[in-house]
Amino acid sequence: MEENVKTRKSNVLMISVVSLGILFLIALAVMLLYVNKASKLSQDNGDLNTNILTLNGQIEQQIAQNQEHKDRIAFLNDSITTIKALNTEQLRVKDGQIYSLRKNTKKVTELEKEIAELRRIDVEHEKLQNRYDKLLAETLRKKENIKELSEQLLNLQDSVNKARFLHAYNINPLTKWNRWLCADRYNVSIARRVNETYITFEIAGTPFTKQGIRVVYMRMLDPSGNLINPIGEEFKYTGMQEINYTGDYVPVNFLVVYNEKLLPGSYTIQAFIDKEMVRETVVVLD
């Protein structure tokens, strides 16, 4: 009768060991699947760097995969905790059995073998824990990559948006003095002699700029900041010209005739396209 009891205990112990082995194999299989998944993520990140048109979709895919990693890591962590608890309990039980069966050398030897196996499983658990730590570090690195890709996308979008606007270049003011007796004089630098200013500049864009009709405004401010020859109601300007931008440079020009003598100082010339200032220059008259 006592021998049957011992046999049943041995069978129960063997079943427990086999169960632990199966759990370990399952955890290892899940781990291998996860490693394969991590390799796929690395390949996906490479595709993200070469295909900026699909960058937003790939970032969302990376976020979803990282969430899946978190779920798998949580599952592995739970499995590790369960195995560790089972190992601790089994070691406690075996220690009690060794204490009660010291006189039976055969039983002690078998129990010591089982304890050695449990300790081996504990070593495997430690390896599994190290893999878990590496996966966690890899997940954090992926998050940083996603953050960097998001910042690059925003910078690229800002650059494209800026490239869509028209700009003004080469603002050239030519002052003129209308003399009574002699020929006209140009590039006059003395304020009281300037009767009018001929202002020219060029409008240009980039391949991203939308073509079509644009309204170019010019403002000229005196040294006190007052608008010279103001026109308009809500948006005041000195001169206005409508252009048709077709992708090439568009020259524009304005003539400012002064009704009063100018005072010495700095005169500001501002170029606007569709009421957005795109260039500014200053003319100093003595």
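Each reported figure results from applying straightforward, stated rules to the coordinates on display, with no laboratory input. Computed from a predicted model, the values in this text were never measured in an experiment. When we count neighbours, we look across all protein chains shown, and the Cβ atoms used for this are built from the backbone with ideal geometry, even at glycine.
Summary of values
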{"read-out": "Label point at GLU233 placed 7 Å out along Cα→Cβ; residues across region 247-286 whose backbone nitrogen lies under 12 Å", "value": "none"}
{"read-out": "Table column - 3J(HN,Hα) (Hz), region 191-204, Karplus curve with 6.51, -1.76, 1.60, x for Gly and Pro", "value": "4, 5, 8, 6, 9, 7, 10, 9, 10, 10, 7, 10, 10, 8"}
{"read-out": "Spin-label model distance (nm) - VAL93 vs ASN226, 7 Å beyond Cα toward Cβ", "value": "10.1 nm"}
{"read-out": "Cα gyration tensor shape for region 167-285, rounded if a/c is under 1.5, else prolate or oblate", "value": "prolate"}
{"read-out": "Whole-Å distance, taken between Cα centres, linking region 220-268 and region 107-147", "value": "76 Å"}
{"read-out": "Gain on full stretching of the segment that runs from TYR258 to ASN187 - 0.36 nm per residue minus C-alpha separation", "value": "24.0 nm"}
{"read-out": "Sites matching chymotrypsin sites (Phe, Trp or Tyr not before Pro) across region 236-284 that sit in DSSP coil, with at most 11 neighbouring C-beta atoms within 10 Å", "value": "TYR249"}
{"read-out": "Vicinal HN-Hα couplings computed from phi for region 246-252 (Karplus, 6.51 cos²θ - 1.76 cosθ + 1.60; Hz; Gly/Pro x)", "value": "10, x, 9, 4, 10, x, 10"}
{"read-out": "Using a Förster distance of 41 Å, the FRET efficiency for THR82-GLU144 (Cβ separation, nearest 0.05)", "value": "0.85"}
